[in-house]
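A.B. asks: Encoded as structure tokens, here's the structure I'll be asking about.
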Amino acid sequence: MPAPPCRTLWPRIWERWKQCDNIPGVTLKEIKTDGQIWVLYTDSLSQWQECDRRAARAQGARGASTLPTPATSASIVPVAVSGPSLLPVWHNGTEWAYRYENPGSTGTFVWSVDRVETVSGHPHYVIKTGTREIFYRVDDLAYTKETVDGQVVREVTPSDWRFFAFPLVAGKSWDMQFHETRPVARETEEVRRRCVAEGEETITVPAGTFATVRITCKNLRNDSWLMTLWYSPQVRHLVREESTVLGGKRIRELISYRVR
């Protein structure tokens, strides 16, 4: 009678795990009877996945052809958000790719951290997407302005529009009041908003499964819903957004990311 799969594969699977068990934020959950490695993670998932792939390739080169491939065998179990989510640091080259659905249109786009630039005496992250640049204050990720081909198309004063209020924890709420100007459209608006971190939620999007904090924002002038966001400490940004737009609702979901 042939040996059970786990007994046959265990030494090789264990060897593969031991080669990658020093990745910060990744711990072993269990090794399944069919050779799958299940892990818990709070950070560095992509680093562990790449290490696991290298270890499997090395074993394959030595003739361990019975090992399951990491692409189909590595199952990821996110750890719940533990404690407040602190203000993230964004480095140049960090990217988030999203898919979107608007009333009547769908597509994809990439946000990329391009540089840090001083605006009104404060350092700002500059996020590029095509010819559009979005400015977020480094101190708190407050939105300040947006340009297209170098021309300002949207600006808020004071810079108090924040999707997230760090440290972010379930139950926290924050109010904002600012003046918004859209020079190209020749429009202005006095804005009052409130956002609430409603709770923790594990959600699945095209990029994977993530432990998140769910945030809902509303217009304080008429008490209407504006958007719901799911923030992931691992991704250091949102992984899903639902928001009201002209003609209905917009949905954005993370399809891939690279954190530097």
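A.B. asks: Against the condition of a type outside the set (S, T, N, Q) and either more than 22 Å from ASN102 (Cβ to Cβ) or touching a residue at least 60 places away in the same chain (Cβ under 8 Å) (or both), how does ARG186 come out, does it pass?
C.D. replies: It is true that ARG186 is of a type outside the set (S, T, N, Q) and either more than 22 Å from ASN102 (Cβ to Cβ) or touching a residue at least 60 places away in the same chain (Cβ under 8 Å) (or both).
A.B. asks: Can you say whether VAL213 is farther than 18 Å from VAL239 by Cβ and in contact (Cβ under 8 Å) with a residue 24 or more places away in the chain, as far as the supplied structure shows?
C.D. replies: no
A.B. asks: In region 199-214, is there at least one residue being modelled with pLDDT of 95 or more, out of contact with any Phe, Trp or Tyr (no Cβ under 9 Å at 6 or more places or on another chain) and farther than 21 Å from LEU86 by Cβ?
C.D. replies: So far as region 199-214 goes, no, none of its residues is modelled with pLDDT of 95 or more, out of contact with any Phe, Trp or Tyr (no Cβ under 9 Å at 6 or more places or on another chain) and farther than 21 Å from LEU86 by Cβ.
The values are calculated or read from the model by the stated rules, or taken from the named source; none is laboratory data. Every value quoted in this text rests on a predicted model; they were computed, and no experiment measured them. Every residue, glycine among them, receives a Cβ derived from its backbone with ideal geometry; neighbour counts consider all protein chains shown.
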